[in-house]
Amino acid sequence: SRTGRSIFGPEQSAAWLTSLAKAVTKAGLWDELSTDWLLLDAEVLPWSVKARPLIREQYAAVGAAARGSLSAASASLRGGGAGLDVGDLLARNELRRANADAFAQAYRRYCWEVDGLRGVSLAPFQILASEGATWESRDHLWHLEIADKVGRG
């Protein structure tokens, strides 16, 4: 993880790295980059495999609280404003509710159930370094092409 914490146990980590190395081999990157190691900036998916408590306790909790309170506020506003014009306030509240829904949908797209490593994937963004080289000066398209090769591997 970004904090140096292992995402998987020792056996799963070994299997995960072996499968990644096989993909890099199949893509021909060891030879193309003249290396026997790579440092990738990548995302392990789904997020739920590495951060389930964070998602449940922080993202989901915030989303649920926002949707619940904003729904209640909208219901009250729809009930009338004691003779006051609350149309603008209701419209702003409805927009906030839509944003809360979008927030929940955004993180849910990156969460799903897995069976061991089945269903786990890697989304590489960039190759940071390899034996004797750093790759920050390569353009974004080059990095995407490399990521695509690994993904096909």
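Summary table
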quantity	calculated
Residue list for the stretch 123-153, filter: among the basic types (Lys, Arg), surrounded by 12 or more Cβ atoms within 10 Å (Cβ to Cβ) and modelled with pLDDT under 90	Lys149
Only one of Leu33, Leu70, Leu45, Leu20 that is in contact (Cβ under 8 Å) with a residue 40 or more places away in the chain, closer than 30 Å to Phe103 by Cα, crowded, with 17+ Cβ neighbours inside 10 Å and of a type in the set (A, V, I, L, M)	Leu45
Residue within the stretch 43-64 that is more than 30 Å from Leu144 (Cα to Cα), touching a Phe, Trp or Tyr at 6+ places or on another chain (Cβ under 7 Å) and not acidic (Asp, Glu) present	yes
Residues (surrounded by 15 or more Cβ atoms within 10 Å (Cβ to Cβ) and over 30 Å from Ser71 (Cα atoms)) located in the stretch 95-116	none
Matching residues in the stretch 53-63 - criterion: being open to solvent by 50 Å² or more (accessible area, probe 1.4 Å) and touching a residue at least 12 places away in the same chain (Cβ under 8 Å)	Tyr59, Val62
Failed criterion for Ser48 (all others in (1) touching an Asp or Glu at 6+ places or on another chain (Cβ under 8 Å); (2) closer than 17 Å to Leu128 by Cα; (3) hydroxyl-bearing (Ser, Thr, Tyr) hold)	(2)
Counted residues, the stretch 1-48 - those being modelled with pLDDT of 90 or more, closer than 25 Å to Asp115 by Cβ and among the charged types (D, E, K, R)	3
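The values are calculated or read from the model by the stated rules, or taken from the named source; none is laboratory data. Every value quoted in this text rests on a predicted model; they were computed, and no experiment measured them. So basically every Cβ, Gly included, is an ideal-geometry build from the backbone, and we count neighbours across all protein chains shown. Areas reflect the complete protein model, heavy atoms only, side chains present, ligands, DNA and RNA absent. Shrake-Rupley method; radii C 1.70, N 1.55, O 1.52, S 1.80 Å.
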